[in-house]
Amino acid sequence: MNVAFLIVLIAAEAAFALLLLPVGVRVTAHIDSLSLRAGAEVAVYGARVLLLGVSQSKDAVRLRINGKNREIPSLSSDGKKRSVIHLASSMKKALFLRSGRVAVLVGGEDAARGATVWGGVAALLSLLPERVSRRVYFSPSSETLTADVGLSFTLSPLSVLTAVAAYFLKDARRKNERT
């Protein structure tokens, strides 16, 4: 048999296996809603692949991706917001959540307002899957709403490619219908 044919066959099998085998991903994030800042880290197989920082300026969102600054215009139109939500919901089908934790610190100068916010946050966190541990803490002395999130999940690269392709095909069809 030809050696080159065997090498190509092994390479094709390896590429096929990489598309089908699940990939372990860990996401940790810290979100401060009062200062409108967030930071996240994405690790694949324990190696950090993305470090993200987000903050809001006057009429743009500032991104810091792996140490490089970028500015993007804020999502002002409803179409763009709906588009981002649709992509996130299509990606949800490609993920398998293994474990997670969410901790939220809620505070208020007024006890009644702080307790109301605490109850609302606790109700929202109760919607999370059972695999996610959730805690809501109350700080009566300061106005704050801060969250720490850690998620560990697996995803199949083929499922992700399928979801992204379906999103872009649907988006292209929508643009063709408008014209």
Relative packing of 27-36, 4-13, 151-160, which averages over residues the other C-beta atoms within 10 Å, highest first: 151-160, 27-36, 4-13
PHE96, PHE16, ranked by accessible area, largest first (probe 1.4 Å): PHE16, PHE96
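The values are calculated or read from the model by the stated rules, or taken from the named source; none is laboratory data. Everything numeric in this text was worked out from a predicted model, so none of it was measured. Cβ sites come from the backbone with ideal geometry, for glycine too, and all protein chains shown count toward neighbours. Ligands, DNA and RNA are excluded from the accessible area calculation, which covers all protein heavy atoms including side chains. Shrake-Rupley method; radii C 1.70, N 1.55, O 1.52, S 1.80 Å.
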